[in-house]
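To keep things clear, I will list the structure first and then write my remarks on it.
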Amino acid sequence: MDHYKEAPICIDVHGDPERIHTILESVPSEESALEAAELFSQLSSPARIRLLSMLATDDLCVGELSEALGMSQPSVSHHLRLLRQSGVVKYRKYGKHVIYYISDTTAGNLARHILKDILITTEENADDEEE
């Protein structure tokens, strides 16, 4: 999946203005970059990655997540609130129960894709170590 492309050799005259313009068209706005950075910062927590890994498997309540990961309910709720604010997870209520799931938003789909790649890579590395 490498996108290596032969670039022109940098000489005294730096850059072809047309090439630079084309490249700059694909650079996100400052606002979009800020939103992406916020999402990546939310995904940088090991606790949130573990929570999301569980939610990628099934929809769960705070109590189930807390018990399974050995974390306090307030801690799990805190992490879920941050993920909810980033648009990665959503919840639905059933009486007193609140069930969390990975959202079908761009942020949620990105998190799901990243988790899938992490889990596949982890499994491949484990298989390689066994051989």
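Bear in mind that the values in this text are calculations on the coordinates, not laboratory data. Because the structure is a prediction, the values reported are computed rather than measured. A quick note on method: Cβ atoms are made from the backbone with ideal geometry, for glycine too, and the neighbour counts reach across all protein chains shown.
Structural remarks
- Cα convex hull of region 44-86 - mean projected area over all directions, nm²: 2.7
- Among residues other than Cys61 with Cβ under 12 Å from its Cβ, the summed charge is -1 (Lys and Arg +1, Asp and Glu -1).
- Pairs of Cα atoms farther than 21 Å apart, region 38-130, %: 31
- For Glu38 and Lys96, the FRET efficiency from 1/(1 + (r/R0)^6), where r spans their Cβ atoms and R0 equals 22 Å, is about 0.10.
- Test item: Cα-centred dipole of region 35-74, Lys/Arg +1 and Asp/Glu -1 on Cβ, debye: 180
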